[in-house]
Amino acid sequence: MDAVLIQTIIIGLTGLLCGAILAIAAHFLSVYEDPRIEKVTALLPGINCGGCGYTGCSDYAKAIVTQSVPINSCKPGGAETVLSLATALSVQAVATERQVALVLCNGDDTYAVRTATYNGIADCLAAEFVSGSGKGCRYGCMGLGSCSRVCPVQAIRIEQGLAIVDPALCIACGKCVTACPRTLIKLIPESRSIHVLCRSQDRGPDVKKVCSVGCIACTICVKTCNGQGITMEGQLAVVDYSVPLDVDAVVEKCPAHTIHKRSGLKPGNPA
Ligand code: SF4
Ligand code: SF4
């Protein structure tokens, strides 16, 4: 027989054999994936921020389908996503309010005293290791922008040494919350508008030495709202964001100007 013909037959048979092996392997080694996972993944925003606690949207989709985890953990997706997931999976939608990030400090360079000059790496964590960015308050925003660098939607700007979140842009992924070494950033329901912008645990006279808008623990706000919405935690007044607080007088009566009324609502969202 012609040598070329023999080689052609051998190559052909080898190809057939490999194809058969691959087909058998595909049949026995293939992992079944519930088609609903793909469907649910498509309903999530696809930004893979990790705010839901999973490594990405498809991981969260898998957990929803295979472990029946709650469908309201995607903060960037908000109520709209919850509704479409509930419809697709024929489950009840759980009402969720959109959340936004808030920096609990108002000590920019106008109000906060600088006690040293910081010439180190422009990173909050690095500065924290060497006792801060030069601002006298050891609880306040260092303004070196570690939070703004991790924000996937550029919702945080640094102005006069202070981080400021634009609530209209924030998708509540929580990356800034994790990035801030001073735990100054909190995710709050967007409708909450009264905030104590301070995290200092120092006593009033010590606060005054380093910041003119820090909480001095006078407790006037707590008395004004009868403890319904603001309570004292050590030397600091703290807003309880789980309940609505609409006593505007707390803003006016705060002698240290630490309490502010600031809307977190996205334009067009109902109050
Ligand atoms: S401000 Fe914070 S929570 Fe909001 S999108 Fe940026 S990193 Fe995420
Ligand atoms: S909020 Fe935190 S991470 Fe952001 S600039 Fe201030 S100290 Fe740094």
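Nothing in this text is a laboratory measurement; each read-out follows from the coordinates by a stated rule. What you see is a predicted model; the values in this text were computed from it and never measured. Don't worry about glycine lacking a Cβ; one is built from the backbone with ideal geometry, like all the others, and counts go over all protein chains shown.
Which residue, chosen from A101, C137, G174, occupies the Cα position most advanced towards the positive end of the dipole of region 99-261, where the dipole is computed from +1 (Lys, Arg) and -1 (Asp, Glu) charges on Cβ about the Cα centre?
C137
Tell me, D109, D206 in order of fewest to most beta-carbon neighbours within 10 Å?
Details: D109 13, D206 16.
In increasing order of surrounding Cβ atoms, one gets D109, D206.
Among residues other than V65 whose Cβ falls under 9 Å from its Cβ, what is the net charge (Lys/Arg +1, Asp/Glu -1)?
+2
Once you sort the root eigenvalues of the Cα gyration tensor of region 35-89 as a ≥ b ≥ c, which label holds: rounded (a/c under 1.5), prolate (a/b larger than b/c) or oblate (the other case)?
Rounded shape, in that the Cα axes give a/c under 1.5.
Which residue, chosen from C57, T258, Q7, occupies the Cα position most advanced towards the positive end of the dipole of the chain, where the dipole is computed from +1 (Lys, Arg) and -1 (Asp, Glu) charges on Cβ about the Cα centre?
Of C57, T258, Q7, it is T258.
Who wins for biggest fluctuation among I220, I11, I47 in a Gaussian network model of the chain, springs between alpha carbons below 10 Å?
Fluctuation is largest for I11.
Could you give the size of the charge dipole of region 138-254 about its Cα centre, using +1 on the Cβ of each K and R and -1 on the Cβ of each D and E, expressed in debye and rounded to the nearest 20?
Value, rounded to 20: 440 debye.
For the chain, set up a Gaussian network in which alpha carbons nearer than 10 Å are linked by springs, and say which option among H260, H27, H195 fluctuates the most.
Fluctuation is largest for H27.
In debye, nearest 20: dipole of the chain around its Cα centre with unit charges on the Cβ of K, R (+) and D, E (-)?
820
Pull up all non-local amide H partners of A237: gap of 5 or more, or a different chain, and H-to-H distance under 5 Å with H placed in the peptide plane.
Answer set, sorted by chain and number: A217.
Once the Cβ-Cβ distance between A126 and S212 is put in as r, and R0 is 25 Å, what FRET efficiency do you end up with, to the nearest 0.05? All intermediate terms of the calculation are to be shown ahead of the outcome.
Numbers: r = 27 Å, r/R0 = 1.09.
The value I calculate is 0.35.
Please state the shape class of region 99-261: rounded when a/c is under 1.5, otherwise prolate if a/b exceeds b/c and oblate if not, all from the C-alpha gyration tensor.
Values: a/c = 2.17, a/b = 1.23, b/c = 1.77.
Judged from the Cα gyration tensor, region 99-261 comes out oblate (a/c at least 1.5, b/c at or above a/b).
What's the extension gain from A168 to V113 if we count 0.36 nm per residue and subtract their Cα-Cα distance? All intermediate terms of the calculation are to be shown ahead of the outcome.
On the way: separation 55, 0.36 × 55 = 19.80 nm, distance 3.02 nm.
Here the answer is 16.8 nm.
Straight-line reach from K186: which lysines fall under 29 Å, measuring Cα to Cα and dropping same-chain residues less than 8 apart?
Straight-line reach from K186, under 29 Å: K62, K75, K135, K175, K208, K209, K223, K253, K261, K266.
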